[in-house]
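Below is one structure, written out as structure tokens; comments come after it.
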Amino acid sequence: MSKRRPENHNEGSKKRTKGIPAFGAATDADLIRESQNAPSANAFSVRQLPLTNLPSLITLCIEVYTRNIVELHEQYNDEARYYLKLLPDPLATRMFATLRKERPGVLSHAFIAAYFIKGNEIALDGEMPGVSKLTIDAVGNMGEELRDLELTGLVKISDSVFASAIKKLPNLERLNLRGSTKAGVETAKAVSRCKQLRVLNMSFTSPTPASLAQVLGSCGELEVLKLAGVPNLTPHALTSCLQAIAGLGDANGIEPLAKLTCLKLRQTRVNDVALLSLVDRMPQIQHLDISFTAIQTLAFLDPEKSETMCLEKLSLTSNPLKPSALLEKLPSLIHLRTLNIGAIGDPLNLTDTVLYNLTDKLAELTQLEHVSLVGNQRLGISKAGDHAIADFVLRVGRRCKTLNLGGINRLVSRDLHGLLSDDEPSPLVSLNLSNTSVDDRAAVYISTCRFLESLELANTKFTESGVYEIIDACPLLTKIDLTSCRSIRVTDRRRIFESWDEARHPTEEPEVPAKGRSRRG
């Protein structure tokens, strides 16, 4: 037998745990799940469907270790650490991902650095209180081995710390810094050294346009670029940035942005002129998110290039968009799969008349699967067009997989009649009807969506009866949002699946023998 195993685990554990840091001490992060079933107005109810196949032994082991990590290290610390050291890199990565999700509070810097800073991918986030400057430094020491790096939501880490680590990782192919707000100019300069970079997410960070130009002019393999919420991305700054990119590209022998397929400029100050110049450099663009910007005309969409433009996703939520521009450009987007046009216009200008015309255009886009009309509050106002929403649901909505109609106040139950069909059921997987006027009468229509997995009914007039009817008919349904549904008890909103199960399968009370009657009859 191995000499490393003590003969008496209890005695050995006392000696080992005496000087161990508070690795397993409970934190607020660990207590979150204990309060999830407490009464709350925030009512998102979930359930797990029965397994269709057995999980692998590896999966079961990781789950057991995660649930019992504190106890294991209190009683068998040396053994647990020994076996963690033996884990192959792919398994260590899987285990770390589970721990990061389920028990972030127990992951100290020392523990992370000792057992999980290895392999070709690392992910750290702001939910992990143990992540510090030392942890980021340890990541940088991985050198050429690292390919995939996520450092998200780390608001306390400085720009220089990020830069110091990234400049030592020349072979990075994927880098996500989303929400690490101090990542700025120095970080961007370090990123420009990663010549193999294909995916870059710097949303809600703070680089300057000039430092971003250095990145884009040096990283010719970029396919995905996300810059949501980056400050100072003004039209003038973007124009100067494009000029700098062209010069850097010539110097580096690359064609900047030519391989880009996904661009996210959400919550920036980009306008039509700047976007037109930008998209002209992206012949392969497929996904474009320009929500919450100043885009009005969609001038970047050239109908003459409809055969070559392969745009599959277009997000225009909360833009001062002119309906005429949308109606004019849509027919050219023959490959479109996702369209987000929530709360468009300034003021809101998606009316019933516009929706009728828009439905005609969308009905011709045969590949469309995901549509959002969220927040278009003028729909349903006009008497002449009071069936515009119903017409949209019948001709477009029912063939989607994701449909967001939340925030359309005048949407009523009968508008969902189009979900009924004598043919195949709707392929809807996710349906959002929050903050609408639907009630239990909509249940008969929603119940025909046999593939439904997620349903949002926050602040509607649904009661338990209507929700139960939907659960009865939708076997794949696992998430229901019932926040502020006043006709449903607060205690049941977060446990609607349990409530449904109790109502449909009441527990039978054991039969009690009548007083004075012999048990033998």
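Checking the conditions here, which among D501, D492 is more than 24 Å from N409 (Cα to Cα) and free of Cβ contacts under 8 Å to residues at least 24 places away in the same chain?
So the residue among D501, D492 that is more than 24 Å from N409 (Cα to Cα) and free of Cβ contacts under 8 Å to residues at least 24 places away in the same chain is D501.
Which helices (runs of 4 or more DSSP H) sit wholly inside segment 135-222 and have at least 3 residues that are of a type in the set (V, I, T)? Reasoning before the result, please.
Details: elements: 159-166, 185-191, 209-216.
Of the helices (runs of 4 or more DSSP H) lying wholly inside segment 135-222, those with at least 3 residues that are of a type in the set (V, I, T) span 185-191.
Please find, within segment 248-262, the residue that is farthest from L288 (Cα to Cα) out of those that are at pLDDT below 95 and not in a loop (DSSP other than H, G, I, E, B).
Per the criteria, the residue is A251.
Assess whether K85 counts as being touching a Phe, Trp or Tyr at 6+ places or on another chain (Cβ under 9 Å) and either open to solvent by 50 Å² or more (accessible area, probe 1.4 Å) or at pLDDT below 95 (or both).
In short, yes.
Out of S56, S108, I need the residue that is touching a Pro at 6+ places or on another chain (Cβ under 9 Å) and farther than 19 Å from L177 by Cβ. Which one?
S108
Go through segment 263-288 and give me each residue that's surrounded by fewer than 20 Cβ atoms within 10 Å (Cβ to Cβ) and in a strand (DSSP E or B).
H287
I'd like the full set of residues that are under 14 Å from V46 (Cα atoms), in a loop (DSSP other than H, G, I, E, B) and among the charged types (D, E, K, R), limited to segment 458-507.
Within segment 458-507, R494, R495 meet the criteria.
Tell me which residues, restricted to segment 110-127, are touching a helix residue (DSSP H, G or I) at 6+ places or on another chain (Cβ under 8 Å) and open to solvent by 50 Å² or more (accessible area, probe 1.4 Å).
N120, E121, E127, listed by residue number.
Against the condition of a type outside the set (A, V, I, L, M, F, W, C), modelled with pLDDT of 95 or more and surrounded by fewer than 17 Cβ atoms within 10 Å (Cβ to Cβ), how does N201 come out, does it pass?
In short, no.
With (1) assigned to a loop (DSSP other than H, G, I, E, B); (2) open to solvent by 40 Å² or more (accessible area, probe 1.4 Å); (3) out of contact with any Pro (no Cβ under 6 Å at 6 or more places or on another chain); (4) within 25 Å of D346 (Cβ to Cβ) as the list, and L311 as the residue in question, which single condition is left unmet?
Evaluating L311 over (1) assigned to a loop (DSSP other than H, G, I, E, B); (2) open to solvent by 40 Å² or more (accessible area, probe 1.4 Å); (3) out of contact with any Pro (no Cβ under 6 Å at 6 or more places or on another chain); (4) within 25 Å of D346 (Cβ to Cβ) leaves (2) as the failure.
The values are calculated or read from the model by the stated rules, or taken from the named source; none is laboratory data. Given the structure is predicted, the values throughout are model-derived calculations rather than measurements. Glycine also receives a Cβ, built like all others from the backbone with ideal geometry; neighbour counts cover every protein chain displayed. Protein only, heavy atoms only, side chains kept; ligands, DNA and RNA dropped before computing areas. Shrake-Rupley method; radii C 1.70, N 1.55, O 1.52, S 1.80 Å.
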